[in-house]
Amino acid sequence: MTVYREVRKMGASEEQAWRVAINVRRWWYMSRYEMNRVMPIAYFDKLGVPRLS
């Protein structure tokens, strides 16, 4: 699965990546749980994304 591979590249564990891949069509739900762990605020700071608050 492409989602699994990409999330693993971001540093997620195998278990986290599988949970994200299984729920790939539920991004809003996943954003509160697994994706928050895989992509914390520091991840976006490193990319240079400006904060909105």
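For Val20, indicate whether it is surrounded by 10 or more Cβ atoms within 10 Å (Cβ to Cβ) and touching an Asp or Glu at 6+ places or on another chain (Cβ under 6 Å). So Val20 fits the description; yes. Among residues belonging to the stretch 17-34 that are free of Cβ contacts under 8 Å to residues at least 12 places away in the same chain and not in a loop (DSSP other than H, G, I, E, B), point out the one that is farthest from Thr2 (Cα to Cα). Checking each candidate, the answer is Arg32. Applying the set (1) among the basic types (Lys, Arg); (2) at pLDDT 85 or above; (3) in a helix (DSSP H, G or I) to Arg37 leaves exactly one unmet item: (2).
The values are calculated or read from the model by the stated rules, or taken from the named source; none is laboratory data. None of these values were measured; they are calculated from a predicted model. Every residue, glycine among them, receives a Cβ derived from its backbone with ideal geometry; neighbour counts consider all protein chains shown.
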